[in-house]
Amino acid sequence: MQIGQWLADGHLHVAELDGTLAGYRVQHRHFFGEAFIEMLMVAAPLRGHGVGSALLLHATSCSAGARLFTSTNQSNANMQRLLAAAGFQQCGIVHGLDEGDPELIYRFATDDVR
């Protein structure tokens with residue numbers, strides 16, 4: 001089970017809203033040695049309540065001054081809007097992972113990136 005492994009490895013960060021598990025983020029350093037948000041998931045009924053923004057804010061604050069990357073499918077307009085609002089900028093594209101739906105690569109835009 002992938003979530004169990006992420007938890008065991010210390011890569012899983014969770015968000016609660018009113019005592020309920022609202023979402024989670026998986027972050028590691030397997031992307032060319034850089035911090036990478038592999039997964040960000042918010043419970044469907046709690047979307048639009050700031051949970052995704054809070055998870056991204058926590059990720060950017062934990063990576064202060066370092067590079068932080070993530071990706072999403074081109075078809076995932078909601079995630080693209082969330083990333084843009086959080087200060088991420090598109091910096092690349094990968095074709096061939098999901099046929100007909102390229103993966104867009106994003107980097108957190110910060111002035112103090114090395």
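Across the range 1-81, Cα pairs under 8 Å and at least six residues apart give a relative contact order of 23 percent.
Given the C-alpha centroids of the range 75-93 and the range 1-52, what is the distance between them in whole angstrom? That distance is 17 Å. Treating each Cα of the range 47-114 as an identical point scatterer and ignoring solvent, apply the Debye formula and state log10 I(q)/I(0) at q = 0.21, 0.24, 0.26, 0.28 Å⁻¹. Taken in order of the listed q values, log10 I(q)/I(0) reads -0.88, -1.05, -1.14, -1.23. The calculated FRET efficiency for Glu16 paired with Gln74, based on their beta-carbon distance and R0 = 41 Å, is about 0.85. When the convex hull of its Cα atoms is viewed from all sides, the chain shows a mean projected area of 7.8 nm². Comparing Arg81, Arg67, Arg25, which has the greatest mean-square fluctuation in the GNM of the chain with Cα pairs linked when under 10 Å apart? Between Arg81, Arg67, Arg25, it is Arg81 that shows the largest mean-square fluctuation. Placing +1 on each Lys and Arg Cβ and -1 on each Asp and Glu Cβ, with no other charges, gives the chain a dipole about its Cα centre of roughly 220 debye. Here each label is just a point 7 Å from Cα along the line to Cβ, and for Asp101 and Ala43 those points are 2.4 nm apart.
We did not get these values from a lab; they are worked out from the coordinates using the rules stated. Worth saying up front: this structure is predicted, and the values here are computed from it rather than measured. Using ideal geometry, Cβ is built from the backbone for each residue, glycine included, and neighbour counts are taken over all protein chains shown.
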